[in-house]
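Accompanying notes for the structure given below.
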Amino acid sequence: MAATDPTALGPLVGAIDQGTSSSRFLVFNAKTSELLSHHQVEINQKFPKEGWVEQDPKEILNSVYECVEKTCEKLKQLNINISNIKAVGVTNQRETTVVWDKTTGEPLYNAIVWLDLRTQSTVERLLKRIPGKNKAFSKFKTGLPLSTYFSAVKLRWLLDNVEEIKKAVEDGRAMFGTIDSWLIWSLTGGKNGGIHCTDVTNASRTMLFNIHSLEWDPDLCQFFDIPMEILPKVRSSSEIYGLMKICPSLKSGALTGIPISGCLGDQSAALVGQMCFQDGQAKNTYGTGCFLLCNTGQKSVFSEHGLLTTIAYKLGRDKPACYALEGSVAIAGAVVRWLRDNLGIAKTSLEVEKLAAEVGTSYGVYFVPAFSGLYAPYWEPSARGIICGLTQFTNKNHIAFAALEAVCFQTREILDAMNKDCGIPLSQLQVDGGMTNNKVLMQLQADILCIPVVKPSMPETTALGAAMAAGAAEGVGVWSLNPGDLTAVTCERFEPQINPEESEFRYARWKKAVLKSMGWETTEAPSNGKPK
């Protein structure tokens, strides 16, 4: 932790970082961007059926309260006065869908996580209503293909399948939101006057939002048959939404009265935290999934190669929206968690790195972790995970190495698509996220991309982005986003160390493995109802 003189700190800004695998609260110095303290709590993922992924919204909220309180305690131990915290920003796993009762403040069902596949039959039913079954029917409005990934189909499933939600909608009690909305509503008072809002970046991942007019789209709401009155109000990514209220049940109120003034989906927040404010700047975040975003400035660019068009940020009510091209990979860090929790070949994520480092090669094994189908650039929901190239020689070390390689190959696929769409190849890749602590992975990534990989020494760029948005908000004004005021970041560089021919050979084999993973799953279940 920082060893700064606590009396001379000046203004601080907090960031709630609610990810797929954990919640965190981090506190930064607004003048130096220095991380002063943080606390993290892992979140349980529930898998009630094959392909289903859920989380408990109450557990998510309580974990956030716990992180806030614990971080404030740590600051007090460092003799840092928490009254220096002038604002709080929120950043979150995107697309994950919550519906709650505004009269009781209780969720009406578990949150359906972005990775969840239960909506495949919903997607197929909706496709039948589109001329030519065109998945890209709303691409120029939303930037997105019709997929299980986005919130609209998850919400449609909830309205079709959960009686309590149907009833709450009829009675006018239901509220829909992504995780940011659920947190902001709860933290600003919940049933006692909580603010029901979201920001443009999170709204742009619902498939209900027009990314040009920056409004909910009535035609899309009609297509998905979603009542517009349950949707949150859409705001910019940097403005005061409301003030933190005390939580009576948890006696949690360390930051009561502090404005919540920043909100960005996690990938947009990382783009801001990496200071990618110029057209053409890009970053890749390695979390549960892997997300490569390239800033395209104030113009929305539509991909010909399977990338999404999304809102990068809108840093103020009167500021323009900026757009990004995004390559989304569903399974990155999740493959390491799977090796740990499902296969039990390692007790910790660090152990997976050690297993891989011991062999330094996959020995011809290729692992395509298509656990939730394939996202960019394929958008192939029928794909499933495969490990191929096995021999009697193969052991757990090779599989661990192949898992790390898979993350790198998937990144190469979305980088190739990005270079084709942008026309200007990236000369280096800026990276962040939890997995970037894995040095084997970072070196492997440079080798597979044949370009240097650059990692900031402070890897918490997602939380930093949310803190920057909150601190820069009108009425807070403790963080300057002027290019001249942004502090230069120290970085670690990984240069490619293998010859490009070897890299190309391995990449071609990977592509062959990907083809073998496709077309595996069908949605027609056998009559006995057992998993296929």
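The values are calculated or read from the model by the stated rules, or taken from the named source; none is laboratory data. Remember, it's a predicted structure, so these values are computed and weren't measured experimentally. Positions of Cβ are backbone-derived with ideal geometry, glycine not excepted, and every protein chain shown enters the neighbour counts. Note: accessible area is taken over every heavy atom of the protein model, side chains too, but ligands, DNA and RNA are not part of it. Shrake-Rupley method; radii C 1.70, N 1.55, O 1.52, S 1.80 Å.
Mark the label point 7 Å from the Cα of residue 34 along Cα→Cβ and return the residues of region 74-104 whose backbone N is within less than 20 Å of it.
Correct set: 74-87.
When a/c reaches 1.5 or more, the comparison of a/b and b/c decides; with that in mind, is region 219-356 rounded, prolate or oblate per its Cα gyration tensor?
Note, shape of region 219-356 comes out oblate.
Net charge near residue 463, counting Lys/Arg +1 and Asp/Glu -1 over other residues with Cβ under 13 Å of its Cβ?
Charge balance in the 13 Å sphere: -4.
About its Cα centre, what dipole magnitude does the chain give when the only charges are +1 on Lys and Arg Cβ and -1 on Asp and Glu Cβ, stated in debye to the nearest 20?
So the dipole magnitude of the chain works out to roughly 560 debye.
Over the chain, what percent of the accessible surface lies on carbon and sulfur atoms, probe 1.4 Å?
That fraction is 52 percent.
Using a 10 Å cut-off on Cβ atoms, rank the peptides 339-350, 301-312 from the highest mean neighbour count down.
Highest mean packing first, the order is 301-312, 339-350.
Can you give the accessible area of residue 157 in Å² (nearest 10), computed on protein heavy atoms with a 1.4 Å probe?
30
Answer rounded, prolate or oblate for region 379-498, using the Cα gyration tensor with square roots of eigenvalues a ≥ b ≥ c: rounded when a/c is under 1.5, else prolate when a/b is larger than b/c, else oblate.
Judged from the Cα gyration tensor, region 379-498 comes out prolate (a/c at least 1.5, a/b above b/c).
Please compute the per residue accessible area over the chain with all protein chains in place, 1.4 Å probe, rounded to a whole number of Å².
About 39 Å² of surface per residue is accessible.
Would you work out the charge dipole size for region 258-372 about its Cα centre, treating the Cβ of every Lys and Arg as +1 and the Cβ of every Asp and Glu as -1, and quote it to the nearest 20 debye?
It works out to roughly 240 debye.
Can you order the peptides 201-213, 109-121, 386-398, 64-76 by their average number of other Cβ atoms within 10 Å per residue, highest first?
201-213, 109-121, 64-76, 386-398
Just to be sure I understand the model, the point goes 7 Å from the Cα along the line to the Cβ. What's the resulting residue 256 to residue 493 distance in nm?
Result for the modelled spin labels: 5.2 nm.
Just add up the charged neighbours of residue 398: K/R +1, D/E -1, any other residue whose Cβ is under 11 Å from the Cβ of residue 398.
-1
Would you please classify the overall shape of region 71-128 from the alpha carbon gyration tensor, given that a ≥ b ≥ c denote the square roots of the eigenvalues, rounded means a/c under 1.5, and beyond that prolate means a/b larger than b/c while oblate covers the rest?
prolate
Can you tell me the FRET efficiency between residue 437 and residue 215 if r is taken as the Cβ-Cβ distance and R0 is 56 Å, rounded to the nearest 0.05?
0.90
For an R0 of 45 angstrom, estimate the FRET efficiency from the Cβ-Cβ distance between residue 134 and residue 73 and round to the nearest 0.05.
E between residue 134 and residue 73, to the nearest 0.05, is 0.25.
Between beta-carbons, use under 10 Å as the cut-off and find the net charge around residue 10, counting Lys and Arg +1, Asp and Glu -1.
Neighbourhood net charge equals +2.
Only Lys, Arg, Asp and Glu count, each charged at its Cβ (+1, +1, -1, -1), so figure out the dipole size of region 93-211 about its Cα centre, rounded to 20 debye.
The dipole magnitude comes to about 600 debye.
Pull up the cross-link candidates among the aspartates and glutamates for residue 46, meaning alpha carbon to alpha carbon under 18 Å and not fewer than 8 places away within one chain.
54, 56, 59, 95, 116, 341
Is it possible to state the helix-based mean residue ellipticity at 222 nm for the chain, with each DSSP H run of 4+ residues giving -39500 (n - 2.57), the sum divided by total residues, to the nearest 500 deg cm²/dmol? What is it?
-9500 deg cm²/dmol
Using label points projected 7 Å from each Cα along Cα→Cβ, tell me how many nm separate residue 163 and residue 343, to one decimal.
Those two pseudo-labels are separated by 4.3 nm.
Tell me which aspartates and glutamates have Cα within less than 14 Å of residue 167's Cα, excluding those fewer than 8 residues away on the same chain?
101
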